[in-house]
Each structure stands twice: as C-alpha cells, then as structure tokens.
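A quick write-up on the structure given underneath.
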Amino acid sequence: MSQVFHDIEKKILETLQKVSNQTPEQLSKNTELSIDQIRRGIEWLRLKEFAIVNESEKITFSLGPNGLDSLKNGLPERKLINMLKDEPKTFEQIRSALSGAGFNVAIANAKKNGWIKIEKNNFNSLVSIKEKPIETPEEKLLSFIGEKTVSREEITNPLAMKILLSRPNYIIQNSQKSKTISLTDAALSLDTTVSSSGAIDVEADVPSIFAARTHPLQDTIDEIREIFVNLGFSEIIGNMTQSSFWNFDALFTPQDHPARELQDTFYLEDIESKNPATSSQIKNVSSSHNKNWKYDWKLSESQKMVLRTHTTCVTIKHLAEQKPENARIFSLGRVFRNEKVSYKHLVEFNQIEGIVIGNNTTLRDLMGIQKEFYRKLGLTKIKFWPTFFPYTEPSLQTMVYNEKLGKWIELFGMGIFRPEVTKPLGIDKPVLAWGGGIERIAMLKYELDDVREFYNNNLSWLRSV
Amino acid sequence: MPVVELNINRIKKLVSGNATRKQILDVLPFLGLDIESEDGDEIRIEYSPNRPDYSTDYGIATGLQGLLGIKKGIQKIPIKKIEQFAIKVDSSVTKIRPYVTGIIATNGKLDDLSIKQLMNMQEDLHYGIGRKRKKSSIGLHDADKISFPLTYTTMPREHKFVPLNSNVEQTIDEILTNTEVGQNYGWVIENAKNVPIILDSEQNTISFPPIINSALTIVTPNTKNILIEVTGIDKESAEDMLSVVVSILQTAGFEFNELKITGNKNSTPQLKDRTIMYDPKFTSEILGIDLTPSVSVTCLKKCRLDASVKGKKITCTIPRYRFDIFGPMDLVEEIALGYGIANIKPKLSPSTTIGQKNNVTIKTELITKTAVGLGFLEVMNSSLTSKKILYEMTKRNLSEIISVLDSKSREHTILRDSLLPSLLENLSKNIHESYPQKLFETGVVFSKGKPIGESINFAVVIAYKDTNYSEIKAIMQSLLQTNFKISSQTKTSKNQELFASGRHADIFVDEKKIGEIGEIDSAILENFRIRTSVVGFEIKLSGLIFD
C-alpha cells in the first residue's frame, strides 16, 4: 500500500531517518518547520504508527546555600566537634559560638551520631567528645557533589541524599521533562521519495467565505406574508405616498387631530392630490366628520400628500373601491413616522394589515385568527387586552409572552372598523382589521435590541446572522 | 400616548372596598390602561387620549370600582344653585374666542399630589381635546379670591396684571414674550389687537385665556372652593372639557354650584346625560357572544354607565364626560369591557377564501432567488434618505427632488429616485469587511407626476479590485434571462457623473430603456471613501416583469 504523506510528515521522516531521537525543537530547527507544524506532523505520524514519542524526566541535584557553606566549613555537627576538640564546653559557650538554629541541629545530630556526651550538673550542661568522629555518608555526598550538578543516576547513597534533602536549603533538586521522537522500524525503512505527495493539512485554518442570502428582515416579512396567505388572505399593494384623505380622513381622524401634525407625519413639500377620492366619497366623509367631530371639514387638508402612516389607507381604499361581499385581504409595506431615530424607533418601518369582510366577522373570529397567526409563528402564550385605535371599535391588542425576556410584549393590534369609517364609504358589513409592525417580530426572532440594525446593512452582521 | 403616575396605596384608598394591590394591577389593563413601569408603589400608566378622565387617579379609581364590582353605574353629579355665581360675556370676544363655560366646585380639599395631578390633567386636556389650547382651554381658580360676577371680555395689549408664577405686573405683550406658556401658545391668539380676558367685579384680572391665569387666584392646598372656567372656539368642546374636570373633582370630594353664563350666544352648561337605544343583537353580531339583555345591562353598569331593559332594547344613559361614545358600536365595546375581554374566547372559523400573494411579490421573489444564486447579498435601505447621499455624493441631477416637510432626522428628508446611491453608501460603510462584496436591493423609487409616481426598481453592485463592466453586464443578462427569458441590449449612452466615462450604457429591452449599467466613476468612489473598483446597474422592474 502506498503511503500518502503531507510535506510536513515527509520532512520529519527524512530528518529522523538520518538522526533518531530528536526533540521537537531540534526537529523544528532541522526541518525549518514551525514548532506548531512539527507538533501536528508528529501527531499525524504517531497516529499512523510511524513515530514513537518518548517522554522522559531528568532529575538533577546541586548544593543549596547551606550545602555550599557546609562544603567549606563543615556541617553544624562537625563544627561542634571541632570546638570540643581541646576541651568540653558548656551549652552557653556552644550556643554563643554556633549562631541561631545551628546549635540545636549540631547537638541533635552529634548526639545521633554518638559523637558527644552531655553531663548535667547543678548549674549547667557540659558537652564533651565521646568517640572519634568519622566522616559521615552525608559529608561524603556533600563533597561528591561539590560545586557540580549531578544527575540522580550518579548518586550511590540514596539514603544520604534523602537525609540531606530533609535538611533545609542543602540540596537543590531540578526536574526536567523532555520529549524525543524516534521512528518505528517500519518508518526507518520507508522510502519517502517514492511515496506519493499531495496530502494536505486538513486541519489548517482556511479563509472565511459567506453565503449569499436574502436580508433577515425580508425573510421575516416573507414568513409573515406566507402565514397571511395560508390563513386565506390575498395580497394587495398600494402606494406609499397617499393623500391625507385616505391616510386620515377616510379613517375618521379629525383634521385638527395631533397625529396629523407635521411633527408626527411626513408631508410632501409642495405636492397635492387634486382629486383624492370620488365626489360622493368626499361628500360622505366630510359630513361624517362635521357631524361627529363638530368642526368645519376642509377639502384642502385632505388633498395634502403624506407618506402613509399605516397600511390601513391601502386596505380601506380597496374596500371603498371594490366593495367585496366576502373577502380576506392584506397589505404589507413600508410606513412612515416623523420621529427621532433611536434604538426602538425608525422613521420608516414595515407594517402588515389584514381585513376580513363577509362571514364570521365577530370579535371572537378576529381573536381566533390572531391566535392561529401567532401559533404559526410559534407563539402560543397569548392574551388580549383592550386598547384604543381611532378607526376601530372595539379595539384589542395582543400580548405575547416572551420566554427569553420573561415578560409580556405587545404585538399586533386589531379591531372592527367603526361605522363612522365604513358607512360613508358605502361599506355596510362589519370589517375586521388587524396588523402591526414587522420589525418588532424580527427583533424577537434575531434577538436584537436595536431596531436600526436592520437598516445598517452591516456586512459582518448580514453575513453572520 | 399620555402617561399618568399613580400611587398604588392612594388608588386602593380611592377605590375603597377591599381591593388588593394584585387585583388592581390585574384589572388595569382591562380598562385599556397599559402599565408602563412599576417602581414599588409608584406605577406609570399609559392611557388612551379618548379617555381624558383617566388622566388622574380619581378617574382611574372610578373605572376600577366598576370592573371590580365595588360601585357600578353613573355617579350622579348634583349641581346646586345656592349662591349666585355668574359670568357675563362681552360681544368683543366673538371674533377671537367666543365661548366660555364653567362651574364652581365647593367644599373640597386638595393635597399637593392632587394639585399636581390636576395640573397634569389640564395639560393633557389642553393637548388632546383642546388641540393645543386652540379649541378649548381650562383654568382653575381659588373662588374665594374672586368677587363675582365675572366678565369675559377682551382687553388691549397694554393691559397689565400679575400672571401666575410671577409677582410683578406685566403687560399682555410682556407675558407673551417673557413666559414659557406665552411663547408656546401665543400663536393661538395670533396678532389680535385685543385679547380674551376674564375680569371680576372689582376689575381684577382672573385669567388671560388660553395663555395664563393670574397669580391672584392660584389654587393651593388651602383652597376649598374652585372656579373652573373653560374658554374656546366651540361651545360643545368647551363643555366636554368642563365635564371631564367636574367628574374628576367629584371623585375628589367636591360639590358643585352653578355658574350662570349669559351673553353673546353663551349659556349656562347643563352637563346632561344622554341616552342611546341599544339593540342587544349587536352583542352577538359584533362580539360573537350571546348575552341576555340583563347581563348586558350589568356589563354597561360596570363601565360606569347606566342602562335598563326596555322591551327588546336597552336604554343606555351616558354621562356627559363620556363624549368618546358616538353610538351603539361604542356600547358594544363597553359591554365587552364589562363582560371582561379575558372571558371572550377566540374562535377559529375556517376561511372561505383562498389566499394569494400579489403578482408583484411573486415576480420579485423570482428575481431575488436568481440574485442570491448568483452570489449576491440582499440589503434594505430607507426610501426616505438624504440629499447628501442621493445627489451630492453621487453628483446626480436633482431637478426632480421630492422632499418632506420638517423631518426630525437629517438623514431622512428626500424620497429616493434611485437605489444605487444607497448601495454605494452601504459599500462605503463596509470598507473594512472582506471583498468581493456583492449586494442587491429591490425597492420603491419615487418620481414627480400625478401627483407622485412609484415604481419598483432593482439594483446590484459588485465591489473588488478586479471587477469590471463585462462582469456586471454578464450578471445583468443572467438576472433577466433566468426565469423571465428577457433578452436585453446595452447601448452607449451620454456621459453621466455617476459612471466612468466610456464605461457605461443604457439597458434596453424591446427598444425600451429600462435602466443603466456601468463602472462607477472614481471621483464618486472617492466621495464614498471606497478604495476598490465598483460596478453596478439599476433597472425598473415595474412594467418589465409585472405591471
């Protein structure tokens, strides 16, 4: 079987065939590969059973400060014996000659060696030599080590070493772990020049590439559109620029209502819609306003062009024009608010709105559609709260429980168009309406807390989300 | 939505009964009130502008009593005529602010918090139903500081008095220039030579509506009797406003004495209840629930209305301050609230219609698929963008510019007439990301004409050092060929600032120009700080793959 080797493997094999037992550092130097490449190569060769990794530990000894002192001046017990050579000495005399801890150590060891005897009289203890002190194994070891570093293997008296190691700062012990690599017999005889090359480093990092994709917000829009279609709703598309008539007047928003002011709504500069609606629509809407809101409705106000503030203007216009008997329709698209842009507000965002006319148009049916809509989005914990919209009555909002945030979040609104909205436009049946902003749902889906991210078109986000 | 701050203990006291904190917090949303935040006993509530009576804790407590079943039906407001309080209207007000209405609230007591709430309520009423004080505005005064009868008249701009929060006399003009309210609401009286003024019998100025009250009549915790005056350009809306304040002050423990109003088409307010006949069939038709008339009556009463069964119908009595109720549809909502929204169960009826995407959507999805298949990433930009990006940085012709008025954001002032400028802006913001960058966008662009033309465009850009005209032309051809089998031609076109000269063309399909294609000019790229080559095209999809 012909072996396939990566270039790294080949270089390591060739080097080791010349000189066995090399450390990774030596291999790196000899092959001019990086230490990381060597480590990987060794690992691959080991797995293929071509390399053996020998791990060893080398222990060495040298003298510490106390050891070096004793080499020169003798161990404390030897110092004591030298003091007693001429005459016995009292504890007091010895203590003053052998400073600090040396005294206790010297007495204890000399006694253990059987070198001294201690006589106690009334006033003092007198120490004298008992036996001729011969050179101890520890002393022999000290002079053997001397100022050298010796390996564990060179030590002939391990007991003496153990004793010296137990005495503080006599011996310094060093341990060094090392790894050498050698080849197995099979590898030694491999002819790397005939083995085919071309294997690659399958573990190395590669450059990132990014999938082309649709925008995450567009994905959410498409998902929601799909659910509406599945619920039996058909899509209609209308203009983003609308006359105030369809954006406000037809929806029973009085002309002096604060929502219609410049500071909330974008009006187009110097552009008006001469004939925003049919003359009978204008007449009926105008009289509904005059009667119910008790003010003087003006055509000129309704001719002003705005950027639609909701998609409801598209659905209501469709109803007024088509007067369907039985229909489920929806409109989806950008809507605009003159707001300061912030993490939770955009001047332009997407809204969807569906309406139902015909059969099964009670509030319970509307709630049922909502429940099914959220179920299809995977949201099952929902409840309804009353709310206020100028053009529906009754009006509800859906509250959806978000497990991650641990709280109830307001999502779509819904209601039944007020008769003050439908009657003037010649719509006799109740019309259910429901909808809301899409970015809010997309934010939950992508776990964003700044809605601006959708329109930043930051490639690092779009490519990674 | 306006916000009111409540103290839960105060609410509990006002609601009386044995309502617990939890019961109150649970019921608030079912009155249509959103709890915005909760901080210990202090809670912030958002209320709908159609219910100004919820602008104080008194109004909210009245609503809570109903839903909790502690007190039901209308709170009767007896108006006494014990003392003679009167206001005469001078004809000079006709042109500027013709109507005044009012009442005297007596024997009450207000603490600091109540006064603060009443002031906030006043501001909310001014903003909402008062239409920033233009339609109607309100003034509360310590009635004991006033010598009746009053006169509602006009005075020249040299007229002087000590306004609220001041201790020196100021002329009308000084007040309009020096005070914050003067600056904010001076526009209401425009340049009138004579302005509305309420004087008492000793010629003391009481109020300068709709701007400011006088310091003389300031309401403090020592005030026992209050004069409420409302002036406006519409009699009924002035009485609407008055009725809200009366209902709130009644809950606060005040009694009422009539203020006789005469002169110049003005009259004493009656604040009468009205009745609406309600057909109980609406309940099942609209809500989808079957309730006996007597249950409906109970529901209405829980919403602090009065009702009784009369034959097959229900007579419903609406207190004056519930002017948000227009007709039977509003009563359906009241019944739903009284019944409890939580008790109405959703019902899923099978759809009798088959849903369908719009053709525009279907076709746009197709071209999007091809673009993604060709390795392009979709971006989404605002339709409302800036002059800088649309025209200045791209040196495009701005004769057809469509602007919006008074945008709060400088980046959003012009409706786009092209997608390419924003795509260049996207590349500009991503110069630190890896190349190649290939982007596309589908979006609406705007043009002038009857009154605004809207069409859907599609644009593509490619940015990296080796890109060129051939690459983008190949992409463009493929996008139109795939699924749509549209063959396109590129024809040399006259120079344009956006593209490098000699390296751009007009795109034609069946002799009709549908867009432009080319290498972006280096000077434009420099404006966007893009340091690589960029090519792109933009075509109009409307009229090409859908109508």
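The values are calculated or read from the model by the stated rules, or taken from the named source; none is laboratory data. What you are looking at is a predicted structure, and each value in this text was computed from that prediction instead of being measured. Here the Cβ is made from the backbone with ideal geometry for all residues, glycine too, and neighbour counts use every protein chain on show.
General remarks:
- When we screen A:Lys340, A:Lys298, A:Lys323, A:Lys291 for residues that are among the basic types (Lys, Arg) and farther than 20 Å from A:Val421 by Cα, the only hit is A:Lys340.
- Residues within the stretch A:440-450 that are surrounded by fewer than 21 Cβ atoms within 10 Å (Cβ to Cβ), touching a residue at least 60 places away in the same chain (Cβ under 8 Å) and not in a loop (DSSP other than H, G, I, E, B), tallied: 2
- Long-range neighbours under 9 Å by Cβ, at least six apart or interchain, first residue within 14 Å of chain A (Cβ to nearest Cβ) within the stretch B:113-135, second among the basic types (Lys, Arg) and not in a helix (DSSP H, G or I): B:His126/B:Lys132; B:His126/B:Arg133; B:Tyr127/B:Arg133; B:Ile129/B:Lys135
- Residues of the stretch B:381-400 satisfying the condition of being crowded, with 16+ Cβ neighbours inside 10 Å and in a loop (DSSP other than H, G, I, E, B): B:Asn381, B:Ser382, B:Ser383, B:Ser386, B:Met393, B:Thr394, B:Arg396
- Residues of the stretch B:401-434 that are touching a residue at least 60 places away in the same chain (Cβ under 8 Å) and either among the aromatic types (Phe, Trp, Tyr) or in a loop (DSSP other than H, G, I, E, B) (or both): B:Ser418, B:Leu419, B:Ile431.
- The set of residues in the stretch A:256-288 that are farther than 25 Å from B:Ile414 by Cα, assigned to a loop (DSSP other than H, G, I, E, B) and among the polar types (S, T, N, Q) contains only A:Thr278.
- Check on B:Ser428, at negative phi, more than 7 Å from chain A (Cβ to nearest Cβ), surrounded by fewer than 20 Cβ atoms within 10 Å (Cβ to Cβ) and small (Gly, Ala, Ser): yes
- A search for C-beta distances below 6 Å between a residue of the stretch B:150-177 that is in the same structural domain as B:Gln203 (by TED's automatic domain parsing) and any residue that is of a type in the set (A, V, I, L, M, F, W, C) and part of a loop (DSSP other than H, G, I, E, B), counting only pairs 6+ apart in sequence or on different chains, returns B:Glu169/B:Val162.
- Checked against the criterion of being over 23 Å from A:Glu393 (Cβ atoms), free of Cβ contacts under 8 Å to residues at least 12 places away in the same chain and not hydroxyl-bearing (Ser, Thr, Tyr), the candidates B:Gly253, B:Gly263, B:Gly311 yield just one match: B:Gly311.
- Selected residue (criterion: surrounded by the most Cβ atoms within 10 Å (Cβ to Cβ)) from residues of the stretch B:367-380 that are more than 7 Å from every other protein chain (Cβ to nearest Cβ) and of a type in the set (Val, Ile, Thr): B:Ile367
- Residues in the stretch A:386-403 that are facing chain B (nearest Cβ under 7 Å) and touching a residue at least 24 places away in the same chain (Cβ under 8 Å): A:Thr387, A:Glu393, A:Pro394, A:Leu396.
- Residues that are outside any helix (DSSP H, G or I), crowded, with 22+ Cβ neighbours inside 10 Å and more than 7 Å from chain B (Cβ to nearest Cβ), drawn from the stretch A:208-243: A:Gln242, A:Ser243
- Residue satisfying all of: in the stretch A:272-302; crowded, with 18+ Cβ neighbours inside 10 Å and farther than 27 Å from B:Phe323 by Cβ; farthest from the other protein chains (Cβ to nearest Cβ) among these: A:Ala277
- Which listed residue is at positive phi, among the basic types (Lys, Arg), surrounded by fewer than 19 Cβ atoms within 10 Å (Cβ to Cβ) and out of contact with any Pro (no Cβ under 6 Å at 6 or more places or on another chain), from B:Lys494, B:Lys485: B:Lys485
- None of A:Ile94, A:Ile134, A:Ile145 is out of contact with any helix residue (DSSP H, G or I) (no Cβ under 7 Å at 6 or more places or on another chain), at negative phi and modelled with pLDDT under 85 except A:Ile134.
- Restricted to the stretch A:350-385, and to residues there that are among the small types (Gly, Ala, Ser) and within 8 Å of chain B (Cβ to nearest Cβ), the residue that is nearest to B:Phe30 (Cα to Cα) is A:Gly368.
- Taken as a whole, the condition of being more than 8 Å from chain A (Cβ to nearest Cβ) and without any contact (Cβ under 8 Å) to a residue 12 or more places away in the chain applies to B:Leu398.
- In the stretch A:244-265, the condition of being within 9 Å of another protein chain (Cβ to nearest Cβ) and modelled with pLDDT of 95 or more is met by no residue.
Conditions (1) hydroxyl-bearing (Ser, Thr, Tyr); (2) over 30 Å from A:Ile382 (Cβ atoms); (3) facing another protein chain (nearest Cβ under 7 Å), marked per residue:
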{"site": "B:Pro319", "(1), (2), (3)": "no, yes, no"}
{"site": "B:Ile325", "(1), (2), (3)": "no, no, no"}
{"site": "B:Asp330", "(1), (2), (3)": "no, no, yes"}
{"site": "B:Glu334", "(1), (2), (3)": "no, no, no"}
{"site": "B:Tyr339", "(1), (2), (3)": "yes, no, no"}
{"site": "B:Lys345", "(1), (2), (3)": "no, no, yes"}
{"site": "B:Leu348", "(1), (2), (3)": "no, no, yes"}
{"site": "B:Gly355", "(1), (2), (3)": "no, no, yes"}
{"site": "B:Thr364", "(1), (2), (3)": "yes, yes, no"}
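- Selection within the stretch B:91-114 - outside any loop (DSSP other than H, G, I, E, B) and either of a type in the set (Phe, Trp, Tyr) or modelled with pLDDT of 90 or more (or both): B:Ser91, B:Ser92, B:Val93, B:Tyr99, B:Val100, B:Thr101, B:Gly102, B:Ile103, B:Ile104, B:Ala105, B:Thr106
- Qualifying residue in the stretch A:157-170 (condition: in a loop (DSSP other than H, G, I, E, B), under 30 Å from A:Ile107 (Cβ atoms), more than 14 Å from chain B (Cβ to nearest Cβ) and among the polar types (S, T, N, Q)): yes
- Strands (runs of 3 or more DSSP E) fully within the stretch A:29-134 counting 2 or more residues that are free of Cβ contacts under 8 Å to residues at least 12 places away in the same chain and either among the β-branched types (Val, Ile, Thr) or out of contact with any Asp or Glu (no Cβ under 8 Å at 6 or more places or on another chain) (or both): A:116-120
- B:Ile286 meets the stated requirement of being within 19 Å of A:Glu393 (Cα to Cα) and either facing another protein chain (nearest Cβ under 7 Å) or touching a strand residue (DSSP E or B) at 6+ places or on another chain (Cβ under 9 Å) (or both).
- Top-ranked residue in the stretch A:306-340 [being under 18 Å from A:Tyr391 (Cβ atoms) and of a type in the set (Gly, Ala, Ser); ranked as nearest to the other protein chains (Cβ to nearest Cβ)]: A:Ser331
- Against the conditions (1) in contact (Cβ under 8 Å) with a residue 40 or more places away in the chain; (2) within 12 Å of chain A (Cβ to nearest Cβ); (3) surrounded by 20 or more Cβ atoms within 10 Å (Cβ to Cβ), B:Glu46 satisfies every one except (3).
- Options A:Leu448, A:Leu444; residue that is among the aliphatic types (A, V, I, L, M), over 17 Å from A:Phe373 (Cβ atoms) and away from every other protein chain (no Cβ under 11 Å): A:Leu448
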